[in-house]
Amino acid sequence: MNKVFLIGRLTRDPELRYTGSNIPVATFSIAVNRNFTNQSGEREADFINIIVWRKQAENVKNYVKKGSQVAIDGRIQTRNYEQDGVKRYVTEVVADNVQFLDSRSSGSNGGNDNFDFDSVSPSDFSSSMPTTEVKNDPFADFGASIEINDDELPF
């Protein structure tokens, strides 16, 4: 299975081109923060090249720019080519889906490629999230509660 999910910020504006048969293709790269810090206590990021095709390529060009936060799901693709007698290898993500995570009014974060994802908590979004009032416990008729103890897990 070849499936990848990424959340990051664009490091440059998307470039839109058309193939010989007039199919739109957009390319851009995103910075994805790592989940740990280096020995100096700094958080590093990986810079990942993204390719997106057809209508979604046009949407990416029209609605996101450097600094915009996006979620990508797709597949990893490797290819190689020769330039000046040197064989070069490229690894990139071909996006099946690109979700725009910035609201239209918020725009970007000013091009900050090292956005600290850990500084955001679910409560930051609670005021904008739709809510449903629940008057009765939906699990009331489920029966007895289950206790789980980590010491009993087989791994």
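Every number in this text was worked out from the coordinates using simple rules, so none of it is lab data. On a predicted model such as this, the values are computed, not experimentally measured, just so you know.
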(Q) Between region 50-78 and region 1-27, what is the separation of their alpha carbon centroids in Å? (A) 4 Å
Q | In order through region 54-67: 3J(HN,Hα) via Karplus (6.51 cos²θ - 1.76 cosθ + 1.60), integer Hz, x for Gly, Pro | A | 6, 4, 5, 5, 5, 5, 4, 4, 7, 10, 10, 8, 3, x
